[in-house]
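Single-structure report; data block below.
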Amino acid sequence: MQRVVVTGLGAVTPVGVGAKAYWEAITAGQSGVGPLTLVDPEPVPSKVAAECLEFDPTASLGPKEARRLDRSTQFALVAAQEAWEESGIEGGVDKDETGVVFATGIGGISSLLASDAVMREKGPNRVSPFTVPQLMPNAAAGQIAMKLGLRGPNFCTTTACAASNHALGLAFQAIRHGEATAMIAGGSESAFVQVALIAFGQMTALATKFNDRPTEASRPFDALRNGFVMGEGAGALILEEREHALARGAPVHAEVVGFGQSADAFHVTAPSEDGSGAALAMRRALRSAGLAPEDVGYINAHGTSTPAGDVSETKAIRLAFGDHADRLAVSSTKSMIGHLFGAAGAVEGIATVLAVRDGVLPPTINQTDPDPACDLDYIPNQARKDQVDAAMSNGFGFGGHNAVVVFRRHQA
Amino acid sequence: MAQSREEVIETMKDVLASELGVEADKVTADARFKEDLDADSLDLVEVVLALEEKFGIEISDDQIAGVKTVGEAADLVISKQTAVG
C-alpha cells in the first residue's frame, strides 16, 4: 500500500478566503458568524449565519465563468485552484493519473430555485440553459477536472454533513491502493435559500437564541447551546502519493494515515444516543491507520452545537478511546465558522492538518457554561500550543453516516 | 419601431459583453459566436434569451440554428421586430 501525504491546501471560509487567512483567524479564536444577510431574514427563525462575505466571484473567476456557476461551485473552484497552486504540482504530475473527489451536502439549490422563480414569473422559455449544470451535486468535481485537465478518478460524495470526510477518505484510499498518483479532495456548500433555513428551523436544528449576539450563537459543548449556525464555504486538499511528493520536493503538510466509516442505522436525523455508531467509525479509522487510541492527541470534533449531537459525540469519543479520552484535546472549529454541511469535513480537515503541522490546536470558542454531559477537554476559548503526533477529524451526517479521517505529523 | 442594423448591433454589444464576458470591441457584424467570441451551445441559448428579453421578441430554436455571426443574429432580430411592429 502506498503512503499518502497532503501537499496543498485551499479554503473559502466565513473567516477569510485562503487557507492561511482561515488558519490565522481560527487560531486567534475569531468568529465568522454575523447577521443573516444572503436571504431575507424576516420569516427565518435563526437570523445568524456564517457567510463568506469577503468572497468576490468575479475577481476570482472572471465575469463569464462566475455567471455560469452556482455559488457553491465558485467556492470549490477557487479553493481547488489555491490548493493546486500551493502544492506546486502543475507540470510535476501525470494528469491522467490525478483525480478529484468533491463533496456537497445539498448541491446547487439556490440556482435551482432561481430558475424556478424565473419559470413562474417570466415563463418556461426564459429558464437558463445553465440550470442543470449548476444544480447537479457533481458540478464541482467536473468543473475542477475541466479547469485543471485532470482525467483520473472523478466523482462526488453527498452524505450530508459527512460528505467531505467521505471525499477525503475515498481519495486517500484511491492513492493508497495505487488507483491515482494525486487527488484533489474536498467539499463545497452554499445553501442560503429561505426554504433551507426555514426547513432546518422546523427541525429545531438551528440556533435561535442568539439573534442579537451572532458571534455567540455557535457554542458546541457549552450548556447554553441550542442549535447549529448555517455556514457556507469550501475546502480543498491535494493528496499525493508520498514518494511522488518527496521526489518532486513538494511541501508536505501532514500524512493521511487512516479512514473509517459506519452507519448509525438508528434515526434519519438524531445521532445514536450512546454514540456507538460514531465510535465504530473512529475505531475503524484507528485500525486503518495502524494506531492505538493513545497515539492520538487531538480530535477536530463534528461538534455542531446541537443539544443532542454534542452529547452523543462526547459519548462516542469515550467509547472509542476509553481512558485515553480524558487525555485528548478536542475542539469544534464550528464554534467559529458555523456548520458548512458538505464542506465541513474538508475545511475542518485543513484545520486538523495544520494543527499537527504547526503544533497549535484551535479552540472551541463561546465556552462559558460547562455542560456536565459534555465532559472532555474542549480547548476552551483559546488556542493551545501542543505538538501532537496524530489527530482525527470527525464528520457525521443526517441519514446516520459517520466518516472519520486520521492525519499524522509528517516526518521526512 | 424597427431599429437600423447598426443600432441593433450596438445594443447587442452590451448584451454579449455581459452574457459572454467578451470585450464590446470584439462584437462586430462579422464576429462568429463560436470561433471569435468563445460561445458554446449553452452560451448561445443564454444569448438568445437575453436578446428576446432586450428586444421583446421570440426566437425559435429552428431560427437560431443557422445563425453563426453577430450580423446574422442582428438580421434575425430586425426581421422579428418588423414582424411584430
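Within the stretch B:54-74, being surrounded by 13 or more Cβ atoms within 10 Å (Cβ to Cβ) and without any contact (Cβ under 8 Å) to a residue 24 or more places away in the chain holds for B:Ile59, B:Gln63, B:Ile64, B:Glu72. Report, by residue number, each residue of the stretch A:44-62 that is crowded, with 18+ Cβ neighbours inside 10 Å and away from chain B (no Cβ under 14 Å). Within the stretch A:44-62, A:Val44, A:Ser46, A:Lys47, A:Val48, A:Ala49, A:Ala50, A:Glu51, A:Cys52, A:Phe55 qualify. The lone criterion from (1) open to solvent by less than 40 Å² (accessible area, probe 1.4 Å); (2) touching a residue at least 24 places away in the same chain (Cβ under 8 Å) left unmet by A:Ala28 is number (1).
Among the numbered conditions (1) surrounded by fewer than 24 Cβ atoms within 10 Å (Cβ to Cβ); (2) within 27 Å of A:Arg284 (Cα to Cα), the only one that A:Leu135 does not meet is (2). Of the helices (runs of 4 or more DSSP H) lying entirely inside chain B, those carrying at least 2 residues that are more than 23 Å from A:Ala66 (Cα to Cα) and away from chain A (no Cβ under 11 Å) are B:5-20, B:61-65, B:70-84.
A:Lys122 falls short on exactly one of the conditions (1) open to solvent by less than 30 Å² (accessible area, probe 1.4 Å); (2) modelled with pLDDT under 95, and that condition is (1).
Within the stretch A:63-105, the only residue that satisfies the criterion of being over 14 Å from A:Met146 (Cα atoms), open to solvent by less than 20 Å² (accessible area, probe 1.4 Å) and within 14 Å of chain B (Cβ to nearest Cβ) is A:Ala66. With respect to the conditions (1) small (Gly, Ala, Ser); (2) touching a Leu at 6+ places or on another chain (Cβ under 8 Å); (3) open to solvent by 20 Å² or more (accessible area, probe 1.4 Å), A:Ala185 lacks only one, and its number is (3).
Rundown of residues vs (1) surrounded by 18 or more Cβ atoms within 10 Å (Cβ to Cβ); (2) in contact with a helix residue (DSSP H, G or I) (Cβ under 8 Å, 6 or more places away or on another chain); (3) not in a helix (DSSP H, G or I), yes/no style:
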residue: A:Ile317; (1), (2), (3): yes, yes, no
residue: A:Ala325; (1), (2), (3): yes, yes, no
residue: A:Val330; (1), (2), (3): yes, yes, yes
residue: A:Ala346; (1), (2), (3): yes, yes, no
residue: A:Asn366; (1), (2), (3): yes, yes, yes
residue: A:Ala373; (1), (2), (3): no, yes, yes
residue: A:Val388; (1), (2), (3): yes, yes, yes
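If A:Phe221 passes every condition in (1) over 20 Å from A:Cys156 (Cα atoms); (2) surrounded by fewer than 24 Cβ atoms within 10 Å (Cβ to Cβ) but one, which one does it miss? Here A:Phe221 clears every test but (2). Can you say whether A:Gly277 is assigned by TED's automatic domain parsing to the domain that holds A:Ser332 and either open to solvent by 30 Å² or more (accessible area, probe 1.4 Å) or part of a helix (DSSP H, G or I) (or both), as far as the supplied structure shows? Criteria met by A:Gly277.
The values are calculated or read from the model by the stated rules, or taken from the named source; none is laboratory data. These figures come from a predicted structure and were not determined experimentally. Don't worry about glycine lacking a Cβ; one is built from the backbone with ideal geometry, like all the others, and counts go over all protein chains shown. We work out accessible area using only protein heavy atoms, side chains counted, and drop any ligands, DNA or RNA first. Shrake-Rupley method; radii C 1.70, N 1.55, O 1.52, S 1.80 Å.
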